[in-house]
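So the structure is just underneath, and the comments pick up after that.
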Number of protein chains: 2
Amino acid sequence: MSVADPLPPTLTLTTRICAQLRDRVISGEFLPGQRLSESALSADLAVSRNTLREAFRLLTKDGLLRHEPNRGVFVVTPDHAAVIDIYRVRRLVECRALAQGEPGHPAVRRMRAAVERAMDAREAGDWRVVGSANMAFHAAIVDLADSARLVAFYAQIAAELRLAFGLLDAPEFLHAPFIERNLAILEALEGGRAEEASRMLDDYLQRSERLILGAMSRTRPA
Amino acid sequence: MSVADPLPPTLTLTTRICAQLRDRVISGEFLPGQRLSESALSADLAVSRNTLREAFRLLTKDGLLRHEPNRGVFVVTPDHAAVIDIYRVRRLVECRALAQGEPGHPAVRRMRAAVERAMDAREAGDWRVVGSANMAFHAAIVDLADSARLVAFYAQIAAELRLAFGLLDAPEFLHAPFIERNLAILEALEGGRAEEASRMLDDYLQRSERLILGAMSRTRPA
DNA sequence: GCATATTTGTCCGTATGTATA
DNA sequence: CTATACATACGGACAAATATG
């Protein structure tokens, strides 16, 4: 056994830069609409512009950056249409995955863990954790479908939605009211009433969408 | 009128190279599993290695190429697991989009056009056209959901599935038996019986999946 | 198992075109 | 309209990893 095992260096530098940028985008360090300058960023990250550009292309395909030819890359700014589209996908994908979900599926354990984490965090007033636990709950729902491609697709959608959340303040209003609903959905699934759980989720998503669109209308004019 | 008008240059060279490579992959000019050499291809396409590498990153995210660090990029080789995963996605996405489809939706016209194109092509014995018309039919089904993100996702899935088809010979066995089923699905939808259409599509996809998996088992050992 | 050739990963410098102040 | 800043694209270089004999 060696001492180092110097981490799986994620082998290529481009992918590491990509992951780093992804974190800085979804954490809100880079704000939606902000332009990411090649020269400035490559200097900051101490990588070549070529490497950075490759990372840009990857993140563009991930839906986190937008590439405007000859103008640069920008952090995407989800608008109303984007939120509506994303929720259309969520209703279709999540509700269907849930409706065909089996109570014994391993993802159910992840759903329960996420709900409990959310409740604990709400107790502690840590809304950040409440939010990410909520998103983990819904990712676990998608896991029920047992499709790697669907999971990857949903991860993209979720990342973009997170950007939209970041444009709003008051995370407790976005996630806290839904913890009880998540619990009810989970218990319906665990009780073998998957179709009922799916209908509850559909209602959940409709309310969540309205909440976000409303908040966006209030905080941003267009 | 000038001579050249060198095509709408699709502005950036990287995207043009990307589209060019995509065509050569899905047309089967580049075979699944084949390695694409940076130096050879960049010389062939008369672009720099950097530009080519950016195109590689984009196509990797599209699911058409696979990137193995320090080894190169390869055309993806869909295996049994990939086909199963893809059909899981298709059943979830297509059936749901169809079940909630409205008979008056513009996509219904595209569905009908695709069916008629397939029937004409079958008459003419042009199985190539039968195949692409069939795929257009199913893409139109996804259009019913009115989600740009879902459409883009399905396009990826369809491109990967096309690679799997390319590994098989005898395209008539893959698509021709399903033209009548497509027509029946379309007529059910046009008649306002969306749920029934969805059930028919589910059955369709199950048969199609079995057909492909069987053909793969016969032509390839694993 | 070793030495060598090939290829990728990454960087730099530079020329050109495009957008913007 | 000019000037400037920036993205685009190229070619060359070298180290490190991998493939080859």
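A few points about this structure:
- B:I179 sits among other residues whose Cβ lies under 12 Å from its own Cβ, and their net charge, with Lys and Arg +1 and Asp and Glu -1, is -2.
- Alpha-carbon centroid distance for the pair the range A:187-222 / the range A:113-169, whole angstrom: 13
- Here's the picture: charge each Lys and Arg Cβ at +1 and each Asp and Glu Cβ at -1 in the range B:80-219, and of B:A140, B:Q156, B:G104 the one pushed furthest to the positive end of that dipole is B:Q156.
- About its Cα centre, the range B:81-125 has a charge dipole of approximately 120 debye under the convention of +1 per Lys or Arg Cβ and -1 per Asp or Glu Cβ, with nothing else charged.
- Dipole magnitude (debye, nearest 20) for the range B:131-222, charges at Cβ of Lys, Arg, Asp, Glu: 400
- Partner chain coverage, peptide B:145-153 - average Cβ within 10 angstrom: 6
- Here, the range B:9-75 yields an orientationally averaged convex hull projection of 4.3 nm² when only Cα atoms define the hull.
- Local electrostatic count at B:N50 - Lys and Arg +1, Asp and Glu -1, tallied over other residues with Cβ under 14 Å: +2
- For chain A, average projected area of the Cα convex hull in nm²: 15.1
- Fewest-first sequence of A:M200, A:M135 by Cβ atoms within 10 Å of each Cβ: A:M135, A:M200
- Chain B: most fluctuating residue of B:L163, B:L21, B:L92 per GNM, C-alpha cutoff 10 Å: B:L92
- Position B:M119, label points 7 Å along Cα→Cβ, spacing to each other copy in nm (shortest first, one decimal): 5.8
- For the range A:90-179, GluC sites (Glu not before Pro) meeting the loop criterion (DSSP other than H, G, I, E, B) and having at most 14 other Cβ atoms within 10 Å: none.
- At 7 Å out from Cα toward Cβ: B:E29 inter-copy label distances (nm, ascending): 4.2
- Each of A:S208, B:S39, A:S37 was scored by other Cβ atoms within 10 Å of its Cβ. Arranged with the fewest first, they read B:S39, A:S37, A:S208.
- Largest GNM mean-square fluctuation among B:F178, B:F153, B:F74, using chain B with Cα springs under 10 Å: B:F153.
- Its alpha carbons considered, the range B:114-165 gives a radius of gyration followed by a Dmax of 12.1, 36 Å.
- For the protein assembly as shown, the Kirkwood hydrodynamic radius from C-alpha pairs, put into Stokes-Einstein at 20 °C and a viscosity of 1.002 mPa s, yields a diffusion coefficient of 89 µm² per second.
- In this assembly of identical copies, the label point of A:G192 (Cα plus 7 Å along Cα-to-Cβ) is separated from its counterparts by 3.8 nm, sorted shortest first.
- Percentage relative contact order, chain B, counting C-alpha pairs under 8 Å, at least six apart: 22
- Cβ neighbours within 10 Å from other chains - mean over B:119-127: 0
- Using only side-chain charges placed at the Cβ, +1 for Lys and Arg and -1 for Asp and Glu, the dipole size of the protein assembly as shown relative to its Cα centre rounds to 800 debye.
- Closest approach of any chain A Cβ to the axis that rotates A onto B belongs to A:K61, 2, distance given in whole Å.
- Ranked by how many other Cβ atoms sit within 10 Å of their own Cβ, fewest first, the residues A:R193, B:R91 fall in the order A:R193, B:R91.
- Environment charge of B:F74, counting only residues whose C-beta is closer than 11 Å and scoring Lys/Arg +1, Asp/Glu -1: +2
All of the numbers you see were taken from the coordinates with simple rules; none came from a lab. These numbers come from a predicted model, not from an experiment. FYI the Cβ positions are ideal-geometry reconstructions off the backbone, even for glycines, and counts take in every protein chain you see.
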